[in-house]
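In what follows, a structure is listed as structure tokens, so that the remarks can point back to it.
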């Protein structure tokens, strides 16, 4: 066995024994020991109707995939509360097939987030995040609204995954 193979095997054995796990996949604490987290409906300061529930539901789906927290529906029963406020939602055209018709639109969403301990009110993590997602434009109003809604939901899912990754680093 060559020296480099031996070192590679030694490194693999060391990593396997050190307890390294991807963030959020920790199994060293029991589910009862994981902090409880509530994610209430976000505040919506935008003109886009329904953003508060779309973003809160995306966060709930993302956090339900990890064992690092226990989700609860009641903020008064949670140790941690993740609050959010949709500051704005903006749609703009980014590609055109002629001077008057856009083929691709972009939704831009700005969200203020705050993870805090419920009992003390102390913020553990605050962030203002801007997320963008492109979607295909359609001249038919109903189809265009459906495509815009799909773009918003994709942006919400992307945002939720980023927030999950950041929050898991501080809890």
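The values are calculated or read from the model by the stated rules, or taken from the named source; none is laboratory data. Small disclaimer: the values here were computed from a predicted structure and weren't measured. Note: ideal-geometry Cβ built from the backbone for every residue, glycine included; neighbour counts use all protein chains shown.
Can you name every residue in the stretch 30-55 that is out of contact with any strand residue (DSSP E or B) (no Cβ under 7 Å at 6 or more places or on another chain) and crowded, with 17+ Cβ neighbours inside 10 Å?
54
Please count how many residues of the stretch 92-123 are at pLDDT below 95 and touching a helix residue (DSSP H, G or I) at 6+ places or on another chain (Cβ under 8 Å).
Looking only at that region, the number is 1.
Quick one: in the stretch 58-83, which of the residues that are in a helix (DSSP H, G or I) and in contact with a helix residue (DSSP H, G or I) (Cβ under 8 Å, 6 or more places away or on another chain) is surrounded by the fewest Cβ atoms within 10 Å (Cβ to Cβ)?
61
Sort out which residues of the stretch 130-149 are surrounded by 14 or more Cβ atoms within 10 Å (Cβ to Cβ) and not in a strand (DSSP E or B), and write them in order of number.
137, 138, 144, 147, 148, 149
Considering only the stretch 92-117, how many residues are farther than 30 Å from residue 168 by Cβ and either part of a loop (DSSP other than H, G, I, E, B) or touching a residue at least 24 places away in the same chain (Cβ under 8 Å) (or both)?
The total comes to 11.
Look through the stretch 134-157, keep the residues that are in contact (Cβ under 8 Å) with a residue 60 or more places away in the chain and touching a strand residue (DSSP E or B) at 6+ places or on another chain (Cβ under 8 Å), and return whichever of them is nearest to residue 49 (Cα to Cα).
Just the residues of the stretch 134-157 that are in contact (Cβ under 8 Å) with a residue 60 or more places away in the chain, to begin with: 152-153, 156-157.
Right, trim to touching a strand residue (DSSP E or B) at 6+ places or on another chain (Cβ under 8 Å) and you get 152, 156.
Details: 152: 12, 156: 14 Å.
Applying the filter and picking the extreme gives 152.
All but one of (1) surrounded by 15 or more Cβ atoms within 10 Å (Cβ to Cβ); (2) part of a loop (DSSP other than H, G, I, E, B) hold for residue 120, so report the exception by its number.
(1)
Looking at the stretch 96-108, can you tell me whether even one residue there is surrounded by 15 or more Cβ atoms within 10 Å (Cβ to Cβ), under 17 Å from the mean Cα position of the chain (by Cα) and under 18 Å from residue 44 (Cβ atoms)?
Checked against the condition, which is being surrounded by 15 or more Cβ atoms within 10 Å (Cβ to Cβ), under 17 Å from the mean Cα position of the chain (by Cα) and under 18 Å from residue 44 (Cβ atoms), the stretch 96-108 yields at least one hit.
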